[in-house]
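Asker: Here it is: the structure, laid out below.
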Amino acid sequence: MKQLNALFLIAAFAFFQTAPLKAEPASKGMHHYGAKEVIAVTGNGEVEASPDQATISAGIETHAPTARAAMTENSTAMNKLIKALRIKKIEDKDIRTRTINLQPVWSHPGASETGETIPRVTGYRASNVVTITLNKIDKTADVLDAISTIANRIEGISFTVADPAPLLDEARVKAVENAAHKAALYAKAAGVELGPVIRISEGGNAQPVQESRMMMRTAGAGIPVAPGTQTFSASINVTYGIKSKN
């Protein structure tokens, strides 16, 4: 009896191993998006805005025979500069020290009788540079006029948008819309029906591009300032599926 049961189990196992399996039909309307069944596009969006914030880098450089004298003279002039900024209603939180340097000044005399050149310290150079943030951009020329009589180093002026987040979001939305437009155009030209979004990724971080298109001159100020405009851009990579025709 045990031998009969064993033979039955072996026969049943052999039947299931050799019998063909019947495939289930695919559900109607189901779409499979393989590597060849997609449309991949890149969408771009741009938003232009006028800067609402200015940043000025300016400072004092002094020379003196000793390090102490150079720093003392520099501090005196810097206090005058900060006082002039306060008169122009610039708050202390908008004045930030960027660099303070103290360096010896070396001389390089001609060769001595022994043929050696021995440099020596002839004085000291002190510098102090601050970054000034102006939240009212129309004050830029006026502030420049005020500090130009005190500061002997004006290293640069830059213009920015204080809060770029909403502009970047607007650029991203435009990039997605641009991608959808491209995908729909390609699908129509190819005679296929566009499917849903399969994948979306951001192409890179937006960087503002400054363009000088506007000249401003504050009343009573002799320094012309061109804040220009800034363009915020976004790039989006979007992959769409292609619907099957069954």
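Laboratory data are not the source of any read-out in this text; all were calculated from the coordinates shown. Note that the coordinates shown come from a computational prediction; the quantities given were computed from them, not determined experimentally. For neighbour counting, all protein chains shown are included, and Cβ atoms are generated from backbone atoms with ideal geometry for every residue, glycine included.
Asker: Using a cut-off of 15 Å between beta-carbons, work out the net charge of the residues near residue 197 (Lys and Arg +1, Asp and Glu -1, residue 197 not included).
Answerer: 0
Asker: So for region 77-158, what percent of the C-alpha to C-alpha distances run longer than 20 Å?
Answerer: 47 percent
Asker: Highest mean first, what order results for 79-89, 231-241 on Cβ atoms within 10 Å?
Answerer: 231-241, 79-89
Asker: Region 43-87 to region 147-184: how many Å between their Cα centroids?
Answerer: What the calculation gives is 23 Å, centre to centre.
Asker: Report the net charge of residues surrounding residue 172, where surrounding means a beta-carbon distance below 13 angstrom and charges are Lys +1, Arg +1, Asp -1, Glu -1.
Answerer: Numbers: positive: 174; negative: 46, 169, 170, 177, 202.
My count for the surroundings of residue 172 gives -4.
Asker: Normalised radius of gyration for region 38-176, please: alpha carbon Rg relative to 2.2 N^0.38 Å, two decimal places. Walk me through the numbers on the way to the answer.
Answerer: Details: Rg = 23.3 Å, N = 139, 2.2 N^0.38 = 14.3 Å.
That works out to 1.62 for region 38-176.
Asker: Need one word for region 37-119: rounded, prolate or oblate. Basis is the Cα gyration tensor (sqrt eigenvalues a ≥ b ≥ c); a/c below 1.5 gives rounded, then a/b vs b/c decides.
Answerer: oblate
Asker: So, R0 is 35 Å and r is the distance between the beta-carbons of residue 93 and residue 177; what FRET efficiency does that work out to, to 0.05?
Answerer: Values: r = 40 Å, r/R0 = 1.13.
Computed FRET efficiency for residue 93 and residue 177 comes out at 0.30.
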